[in-house]
1. Give me the accessible area buried between chains B and A, both sides summed, with a 1.4 Å probe, in Å² rounded to the nearest 100.
2. Write down, largest first, the equivalent ellipsoid semi-axes of the protein assembly as shown in whole Å, where each equals the square root of 5 times an eigenvalue of the alpha-carbon gyration tensor.
3. Just counting partner chain Cβ atoms within 10 Å, what average do the residues of peptide A:178-189 show around their Cβ?
4. If a/c stays under 1.5 just call it rounded; otherwise compare a/b with b/c (prolate if a/b is bigger, oblate if not). Do that for the range A:1-136, with a ≥ b ≥ c from the square roots of the Cα gyration tensor eigenvalues.
5. In degrees, nearest 10, range 0 to 90: what is the angle between the Cα axis of helix B:93-103 and the longest Cα principal axis of chain B?
6. How many percent of the accessible area of the protein assembly as shown is carbon or sulfur, using a 1.4 Å probe?
7. Accessible area per residue of chain B at 1.4 Å probe, in Å²?
8. If you put +1 on each Lys and Arg Cβ and -1 on each Asp and Glu Cβ, how big is the dipole of the range B:230-377 around its Cα centre, in Debye rounded to 20?
Amino acid sequence: MAAIGTAAPAGAKARWALIDILVVVYALVPVLWIVSLSFKTKETLTDGNFVPRSWTWQNYVDIFNTTEFIRALVNSIGIALIATVIAVVLGTMAAYAIARLEFPGKRALVGVSLLIAMFPQVSLVSPLFEMERGLGLFDTWPGLILPYITFALPLAIYTLSAFFREIPWELEKAAKMDGATPAQAFRRVIAPLAAPGVFTTAILVFIFCWNDFLFAISLTSTEASRTVPAALSFFTGSSQFEDPTGTVSAAAVVITVPIILFVLFFQRRIVAGLTSGAVKG
Amino acid sequence: MAEIVLDKVTKRYPDGALAVSDVDIEIADGEFLILVGPSGCGKSTTLNMIAGLEDITDGELRIDGQRVNERAPKDRDIAMVFQSYALYPHMSVRENMAFPLRLAKVDNQTVNQKVDEAARILDLTQHLDRKPANLSGGQRQRVAMGRAIVRDPKAFLMDEPLSNLDAKLRVQMRTSVSKLQKRLGTTTVYVTHDQTEAMTLGDRVVVMRGGHVQQIGSPQFLYEQPANLFVAGFIGSPSMNFLPATLENGGLSTPLGAFPLTDRIRLLVEGANAPREVIMGLRPEHFEDAALVDGQSTTFEATVDVLESMGSDKFAYFTVEGETATSAELEELAADAGSADLTDSGAQIVTRLSAASAAKQGTPLDVWFDADKVQLFDPADGRNLTYSG
């Protein structure tokens, strides 16, 4: 690697740097645009300036003064966290079994979970709507948590079984020889080593639940379970003729913050190469 | 401390493959026993069955007189050192070594005391707070040993613990493993495919092939009295030379020439109901430069192909014209040594000559061999016709 680094001519380096900057700019400009919009006053909203001429916190004050947004934020956090925890716990167990055990129907199980992940969600919305209304789950937390778990599990199982496969099986044998029960071996040896995988999966699942719009808009009808992405679409100004762009932007910025925090918090735990040193050298 | 008895232990996999067949071994308390054989001979499976990591299909395993077939590994009180060391990468050296004690709910003070003591014995004291990733291969190997000894188990099982080390370190660690075992006096079962390790470490060696025990005995006994062609070829380095031979009129006709059998060998061969066509085996050290020997009864002349001078000895390689000895055992040994396709015309023999020999590469040499050290094998089943154990 070092050889490649030193051998690359300065021109190539500059070219790559330019491409990198372009990609980053392309990804960040819309985000900065939203941030900019959220700080603009109603009068300057459409002036087309990237940097607001007059700054205001009014949009943020407004959204936090409505129960609608706060309630949606609570729903989003609650539903996404519960779904993430359940999906990761179930996914960990399933992935461990898939990585370690030979059992009849293993291939079928993996195939079916892949099938679920590929199934177009939009085709399931109407049946789910009917079923949830019949079961009394419509517009409740479980009504969103259940489909989220369903669609997050294949993702969790796939990511985690890849991590489990990386952990040398001999470590488990060694733990058994050292006097551990299977449960102890899993908890004290395998689980800590799989932690980076678990955290990665947790982040992915959380982002999936947090960002979902389709289920959130279709399976909720009131503030009881409406999550932020759905609630945003119901934002209106104080009158029918008022443009809610400023408040929508402010809300969009607010719901991005937890994701960033979540990733930053767990990023520290994702230490690459944690298993190095376990077996030979 | 324990006595381990394998009584007709058999391992058959669900697909019908027989990995280990009717193995009978009695391991005495404090003994250092080696299981050796080429890969796929069932030695590791046997070890895993003693450990409890593999089920025993048939037969009985007893530790201290108690049947343990059905016991989980943790209830057998046996420690194991793995080929890959299997250190827990998220724990420091201290935590790794303390792990078995923590699981056994030993109090903190005792844990620290035992870990410190083990670290002192293994010279790991200054590394106790490091993670396995930051240790060298030799240090990791010692941590794996440490994790095994802190617990004072009934027995140690070692699965090729030195095979991941480089050659020099391996020799060093071999000595320290041996010292450690003598010092602790714990029953040890050690698996290796390296016959040098087997010869140097063990009180007794079990040679296995295809799931069957070929011979059990002290290293010296296996070397001098191999029960069959396989053991003869596997034990010893460089390995024994094999040549086809014919028994006729109380003499032996071989590619090295015809010579009379000594009285000792004649008696043994007569008792063994030997066939006419046999395979003759002769170890490299039973050859000598004829110029250095008095009373040269059995000599032959051949051209030195290659001469390797080791300082203390000279290894001379010759090609002997004629047929090569063939048998299933020899083919398997050749395959294991990776020399199966090296057969050119004639048989190659290796001789160990004294350093004083004037042998030169590419020149003919008169070579003497000790006719009383000849071993004869039945090509059909490989049994040693001159076995007197």
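The values are calculated or read from the model by the stated rules, or taken from the named source; none is laboratory data. Nothing here was measured: the structure is a model prediction, and the numbers come from that model. In this analysis, Cβ positions are derived from the backbone assuming ideal geometry, glycine residues included, and neighbour counts consider all displayed protein chains. Areas reflect the complete protein model, heavy atoms only, side chains present, ligands, DNA and RNA absent. Shrake-Rupley method; radii C 1.70, N 1.55, O 1.52, S 1.80 Å.
1. Values: alone 17820 and 16630 Å², together 32170 Å².
It comes to approximately 2300 Å² buried between B and A.
2. Details: eigenvalues 1063, 167, 117 Å².
Listed largest to smallest, the semi-axes of the protein assembly as shown are 73, 29, 24 Å.
3. On the way: counts 18, 17, 7, 3, 2, 0, 3, 2, 0, 0, 6, 6.
Shielding by partners across A:178-189 averages 5.
4. Working: a/c = 2.80, a/b = 1.17, b/c = 2.39.
Verdict is oblate for the range A:1-136.
5. Once rounded, one gets 70 degrees.
6. Working: 18730 of 32170 Å².
That fraction is 58 percent.
7. Numbers: 16690 Å² over 389 residues.
For chain B, the solvent-accessible area averages 43 Å² per residue.
8. Working: 8 positive and 23 negative charges, 60 e Å.
Computed about the Cα centre, the dipole is about 280 debye.
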